[in-house]
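The structure appears below as structure tokens.
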Amino acid sequence: MTLQSLFDVITARIGPLIKIFLLLLIFLYGVFAAVVVRQIQLMNKVVNEVNFSIILFTIALTHFMATVILFLIALMIL
Amino acid sequence: MPDIFIEEKHKMPKSRNIMFPAGFALHPGGVHFDTQGENEEIHLFLRRHFITNVPWILFAIFLLIAPIIVLPVMETIFPFTTLFTSQLSFILLAFYYVVVFGMAILVSFINWYFNVYIVTDQRVVDVDFVNVIYREVASTRLNLIQDVTVKTSGVIRAFFDYGDVFIQTAGTEANFDFHAVPHPQQVAHEIEIIMQKARNREGVSNLEKQLKE
């Protein structure tokens, strides 16, 4: 068996593992992003700046949605 | 006969809503906090000076531009990356930028934004947003404040006029530390003015009570 074919065998076996690992990582990060959104929502009740609080919440929500979309894309194309 | 024995009423400047997160706001408009009383007015709304955000901003910029520099030489440094499909590379790069935005930028910003120090006409409130899963809110009444100390040290702090204000309270109440706030001398001065007014109000109400008795 040549080195290249050995390499091919190894990557064929660990390829799916890498994909599952990456999906799990994105999922866990999505949980973190959700926690950030919730924390901002709660903190906006503690300290509320009428003009900026909604902007900050929107940015955090957009970040969370981007993570969700990334997860779905990764699920489809990987 | 001119009115010379009547105390001049302190004219409160008209409050304007804060449009952008401020480090120092006197009589801010459009700001409320959770336990604010109905007749309680915010006199000072403080955060750490914006210059304290420069380290994480620079780090975030470095992380954002790092792929542009590293990617062309990635195959030389990490030969196994030649095995990555274009889809995997795209997902990894997108994930990298999402993580940089979330952890390096958003979390750092909210750490600065939600760490506030509030001085009202009745008390001092310290909101400590330590991290995403831990926060602390402490408050003390103005009549329990015994001492206000200002400390400014270092070239950068002197240049940008920011420093620490230490508020010592009586008894078992916790002390309040305002770290890296803009215009610390003015902050201490404003606190002392508010404390004096609170004492005057207390003195008047005690006098009224005695007269009624």
Can you list residues from other chains, or at least 5 along the same chain, whose modelled amide H is less than 5 Å from the amide H of B:Asp128? B:Glu136, B:Val137, B:Ala138
What is the dipole size for the stretch B:100-212, taken about its Cα centre, with +1 at each Lys and Arg Cβ and -1 at each Asp and Glu Cβ, in debye to the nearest 20? 300
Of the DSSP H helices in chain B, those whose Cα atoms cover at least 15 Å axially and whose Kyte score averages 1.0 or more: B:54-77, B:86-99
Label-point gap, in nm, between B:Asn206 and B:Asn143 - each point 7 angstrom along Cα→Cβ: 0.8
Phi angles of the stretch B:25-35, converted by Karplus (6.51 cos²θ - 1.76 cosθ + 1.60, θ = phi - 60°) into ³J(HN,Hα) in whole Hz with x for Gly and Pro, give 9, 9, 6, x, x, x, 10, 9, 10, 4, 9
Distance between Cα centroids, the stretch B:152-203 to the stretch B:38-53: provide it in whole Å. 12
Report the residues of the stretch B:37-64 in range of a label on B:Lys197: point 7 Å along Cα→C-beta, backbone N strictly under 13 Å from it. B:40-45
Residues with beta-carbon under 12 Å from that of B:Gly37, excluding B:Gly37: net charge, scoring Lys, Arg +1 and Asp, Glu -1? -3
If R₀ is 45 angstrom, what is the calculated FRET efficiency for the pair B:Trp56 and A:Ile69, using the beta carbon separation as r and rounding to 0.05? 0.95
Counting only residues 5 or more places away or on other chains, whose amide H sits under 5 Å from the amide H of B:His27 once H atoms are built in the peptide plane? B:Leu44, B:Phe45
Springs between alpha-carbon atoms under 10 Å, Gaussian network over chain B: tell me which of B:Arg199, B:Arg48, B:Arg141 tops the mean-square fluctuations. B:Arg199
In degrees rounded to 10, the 0-90 angle between helix A:53-77 Cα long axis and the longest Cα principal axis of chain A is 20
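Only the coordinates and a few stated rules stand behind these numbers; no lab work does. Here the structure is a predicted model, which means the values were calculated and not measured. Using ideal geometry, Cβ is built from the backbone for each residue, glycine included, and neighbour counts are taken over all protein chains shown.
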